[in-house]
Structure formats: structure tokens, C-alpha cells
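Coordinate-derived values only; no laboratory data. None of the values given here were measured: they were computed from a predicted structure. So basically every Cβ, Gly included, is an ideal-geometry build from the backbone, and we count neighbours across all protein chains shown.
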Amino acid sequence: MPDDAARARQRTGTGIALALALVLGAVLVTGRPDDDSGPDADDCRPRTVTSWSADTALTDEFARYGDDAGRTDDWTGGDGTHSVRLPDGRLLWLFSDTFLGRVHRPPNPVGESYTWRDTTAPMVRNSAVLMRDGRLEGTLPAPLFPDPAPGQWRWPVAARVEARAPGSSEQVVKVLLWVRRDGQHPWIYGVPTATEVATLSLPDLRLESVVTVLDQQQVADPSRRVLFGTTLVEEDGWTYVFGGDDGRPASRPASHAYVARVPEGGLGDPAAWEFWDGSQWQTRARPRPVLGDGLRTGVGSAFSVARDEGTYVLFTMAAGAEGLTTVASYWACSPTGPWHGPAHRFTPALPGNGTAAYNPQTHPELSGDGRLVLSYDVNWLEMSAAAAMLSRNVSLYRPRFLTVRLGPRE
């Protein structure tokens with residue numbers, strides 16, 4: 001069981017499980033699997049970030065909603081930002097560690113006061129917020145995904161709308177979940193245990209079921225356990241599901257990236273999952289890394305992959321100290337690699353000293369016309385002060401958004 005300090009941090013929702021465990025395990029290196037083919041590989045060209053700018057409209061919308069003190073049971077801040085477009089046009093936003101409750105505005109807007117929350121504000125392990133036509137409307141009853149057992153919790157990651165079963169005309173939302181449990185040092189942020197898939201009904205988004213698609217509890221070394229779902233890419237009837245391990249807590253300098261694939265409509269069927277074993281896809285294989293050498297470079301567990309004109313583009317935090325502030329991009333012609341890069345690095349804005357950026361995620365449902373919408377999460381870096389700072393200034397623990405444009409790499 002974690003020590004009292006770790007328990008306090010978890011109760012107060014510092015979100016360091018994503019802010020540090022995933023941030024400090026930053027970046028990646030070229031993997032060299034045998035298969036260099038992939039969907040439309042002949043159309044693949046080197047791609048890089050040619051420009052980026054702040055998307056203030058989206059960032060401000062989450063600030064507006066989080067600062068609304070009209071309700072006491074809705075979202076006021078969170079991390080692990082993922083999104084999925086629903087058939088009726090609404091956008092479902094999924095979050096990991098989340099603050100609920102009411103926020104308070106400073107009595108005097110002049111000076112160093114910020115909108116703040118009580119230190120007793122409730123924190124849940126996951127939440128979901130609905131947006132319509134660019135405006136956030138409400139928070140679903142939280143947590144949306146209950147803890148599987150005492151001392152364990154679920155973090156939602158990538159999601160997609162698909163047929164209830166292959167060939168079915170009925171659609172549901174399938175949400176990838178990471179299951180973690182309490183652990184001792186160095187696993188004070190949680191020991192990875194399994195990847196699950198939850199099914200939500202449409203249009204009411206009622207939780208129908210949760211199924212385990214990859215149980216990792218039999219892997220003795222927790223740093224070698226792989227959790228899938230940090231990002232999804234859909235192509236030619238397949239859903240490519242990317243994931244990572246937690247190498248850093250075991251004193252390895254970086255984590256590895258992995259990939260699985262599932263035929264359309266099969267995310268919730270464990271038998272339909274195929275894992276890249278280093279040379280081919282297999283249903284009962286130990287996943288093998290497609291990115292990272294485990295020595296010099298690697299990925300944080302939270303990274304994102306997008307498809308751009310026949311090329312796969314990956315966004316992750318950069319290597320070393322830059323991993324707290326800087327996003328790097330890589331490209332490949334296949335989900336299995338080889339991956340090339342970094343093609344470009346850029347440093348988005350942070351709200352002052354002492355904060356860190358992490359979890360760069362693309363949002364294809366908001367992208368188009370040659371641009372990608374990318375979010376990144378923000379947290380207070382110093383663990384001992386995180387709980388107090390996130391209560392004192394509620395704006396610190398909310399997603400920020402960018403517009404990124406890609407072009408040929410020269």
C-alpha cells in the first residue's frame with residue numbers, strides 16, 4: 001500500500017499519475033520491425049509540423065465551464081483529455097483524475113488572486129463531459145466507470161463509436177480503460193494491471209459492460225506490463241490501438257511503445273485483438289515494442305498518433321528536461337514502423353513557472369482543412385505543493401489546445 005503522503009496526493013487529485021509518471025518517461029526512438037508495409041504505404045511521405053498556434057476558443061471554453069459555480073456536481077478540472085464524436089453531433093470528452101464541486105471567484109479581481117476551490121473538493125478517478133456546437137453542456141454522473149475493486153481504479157483513454165458487434169446496425173461507444181492499483185514506491189502512482197473496454201449505450205451513454213481485453217497481472221515485472229489505448233487510428237477496416245509500458249518507475253530511462261489491431265466492430269472482443277510481436281500480427285503473442293530502445297529514448301505512456309496523407313504522425317513529449325515543456329513529432333509509413341524523428345519540436349505555453357505539460361493528444365473530430373487540433377494537460381510539478389496549488393488556482397489543472405499544421409519534411 002502507498003505511504004500516507006501518496007494517499008493524500010491521490011485523494012486530493014494532484015493527477016501526478018499522469019503529470020509525472022507519464023511526463024518524465026518522455027520521447028521515443030526509431031524501432032526497426034521487419035514489416036515496413038501498411039495501409040497506403042506507397043502514399044507515405046515524411047511529414048513534420050510546419051506551424052502551430054494556440055486555440056484560445058477551446059481553451060477558454062473549458063475555463064468558462066470549469067469556472068461556472070452554478071452546480072456542485074460538475075467538472076472543474078481534469079487531465080487525461082480524450083474525445084470522441086457521437087452520431088448525433090455531440091462531442092464526448094473523457095478525463096482521468098477529475099475535480100468536481102464548486103469553485104470560488106476572488107473577491108477582488110485585481111492582484112494575484114485566482115479562481116479557487118476548497119481543499120475538500122471531491123476528486124474522482126474519471127469523468128465525462130458533453131459538448132454541443134462548441135459549448136460544454138454538462139457532466140455525466142461521476143465517476144462514469146466505477147472502481148473495479150478497493151484500491152483499484154479506471155482511467156479512460158481513447159474511444160470510438162462502432163457497431164455493437166461486427167455487422168450490427170446498432171452503434172455504441174467503446175471506451176478503452178487503464179486499470180491500476182495502489183502500490184508502494186516506486187509505484188506510488190499506481191501499478192498497471194489491465195486494459196479493459198467499456199461499452200456505453202447510445203444516445204443515453206449508459207454504462208452497459210466492461211470486459212478485460214489484456215490482463216497483465218501475470219507479468220511479474222510491473223514495468224513490463226503494457227496498457228493499450230493511449231491513441232487509436234482507424235484505417236481500412238482496422239482499428240490500430242497504441243499503448244505503452246511504465247519503464248521509468250523501475251529505473252529504466254524510458255518507456256516503450258506498442259501497437260495492436262482489431263477488426264472494425266471488435267474492440268470489445270478479446271479474441272479479436274492481434275498484437276505486433278516484432279515480425280507479424282498474432283492473437284496470443286507477447287507484444288513487442290515498435291518504438292524506443294529502452295536506453296537512450298522512448299515514449300511516455302500518454303502519446304498520440306494521427307494519420308496525415310498516408311503518413312502516421314506521432315506526438316509525444318521530448319527527451320530529457322525538455323519532456324516537461326516540449327512536444328516532439330515522429331513519422332512512419334506503418335503503425336509498426338520504422339519510426340523516424342524527431343521531425344520537429346515545439347513548446348506550447350505554460351501558465352507560469354513550476355508547471356509541466358504532458359499527454360499531447362490529437363482530436364481528429366475537430367480537425368480538418370490541413371490542420372490538427374491537439375490538446376495538452378498541465379499540472380504543478382512539485383508534488384509536495386501540488387494539492388495546495390491546484391486548489392489555489394483552478395486554471396492550472398485543465399487542458400490547453402493548439403492548432404497544428406503538418407507539411408513535407410525538407
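General remarks:
- Chain lengthening between Asp269 and Arg132 when straightened (0.36 nm per residue, less Cα-Cα): 46.3 nm
- Dipole magnitude for segment 4-408: about 1020 debye, using +1 per Lys or Arg Cβ and -1 per Asp or Glu Cβ, origin at the Cα centre.
- Taking a sphere under 13 Å around the Cβ of Asp67 and counting the other residues whose Cβ falls inside, with K and R at +1 and D and E at -1, yields a net charge of +2.
- If the segment from Gln282 to Thr120 were pulled out straight at 0.36 nm per residue, it would be longer than the present Cα-Cα gap by 53.5 nm.
- Look at the Cα gyration tensor of segment 70-153: its axes a ≥ b ≥ c give a/c of at least 1.5 with a/b at or below b/c, and that counts as oblate.
- Computed FRET value (nearest 0.05) for Thr72 with Asp221, which takes r as the C-beta separation and R₀ as 35 Å: 0.20
- Scoring 182-189, 139-146 by mean Cβ neighbours within 10 Å over their residues and listing the highest first yields 139-146, 182-189.
- In this simple spin-label approximation, Arg345 and Ala163 carry label points 7 Å from Cα along the Cα→Cβ vector, and these lie 4.6 nm apart.
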